[in-house]
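Below is one structure, written out as structure tokens, with a few remarks after it.
The values are calculated or read from the model by the stated rules, or taken from the named source; none is laboratory data. This structure is a prediction, so every number in the text was calculated from the model and none was measured. Glycine gets a Cβ as well: all are built from the backbone with ideal geometry, and neighbour counts include every protein chain shown.
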Amino acid sequence: MAEKYKKIIPDMDVIPKKDSHEDDRAVVTDIDSLIEPPAKPEKDNTITAAKLEKAVRSADIPMILMIFALLVFGLIVLYSVSGPDAYGQFQDSSWFLVRQIRFTIVGLVMMLIVAFIPIEFFAQKWVAVSAFVLSFGLAFVTLAMGVGREHGASRWINIGPIQLQSSEIIKVALIVAFAGYRATVARMRANGKIKEPKSDLM
């Protein structure tokens with residue numbers, strides 16, 4: 001029986017012993033791997049059919065339909081109002097309509113480009129500051145060099161053959177500026193740099 005158990009249980013002297021230094025090195029290597037921060041996954045900025053399909057599915061379809069309905073309604077009103085004047089000036093009743101359609105196409109392309117910009121981009125401080133400076137700059141240039149003066153007010157800026165109404169750009173720029181300002185304030189409050197305002201209602 002003793003010989004039978006000897007065959008099953010190996011002799012302890014025969015089992016090879018690991019070097020204690022090798023164990024220490026293995027433990028240190030494991031600790032170093034835990035301390036090192038995990039590698040950040042690289043963002044894939046390529047536009048694929050799957051990403052476009054996802055963007056289309058997540059789009060606000062009712063708002064898009066409302067925008068197109070307003071565009072069509074505005075073009076119809078413009079044509080009905082400016083037709084006689086355009087025919088008298090250019091012998092073409094659709095002259096102002098065609099010009100407005102060109103501007104509309106450019107605006108739709110810009111809308112699609114802006115729609116694919118991440119929302120975090122507009123939360124940056126320099127974007128808000130740039131939009132604020134652009135607003136004041138356009139307002140000053142319109143006041144100093146603007147045309148179309150009526151009752152002491154200037155409305156347009158002539159840039160070559162294009163007549164630009166600066167108020168339309170200022171509207172969008174001010175929205176971006178104030179949104180960026182509020183995002184900066186919220187970020188500073190979250191970091192503890194600004195205290196929460198006290199309210200009597202709380």
Hey, does segment 150-160 have a residue that's surrounded by 11 or more Cβ atoms within 10 Å (Cβ to Cβ) and modelled with pLDDT of 85 or more?
no
Any chance Phe90 is modelled with pLDDT of 75 or more, closer than 28 Å to Ile169 by Cβ and exposed (fewer than 11 other Cβ atoms within 10 Å of the Cβ):
no
Of Val106, Val185, Val129, which residue is hydrophobic (A, V, I, L, M, F, W, C), exposed (fewer than 12 other Cβ atoms within 10 Å of the Cβ) and assigned to a helix (DSSP H, G or I)?
Val106
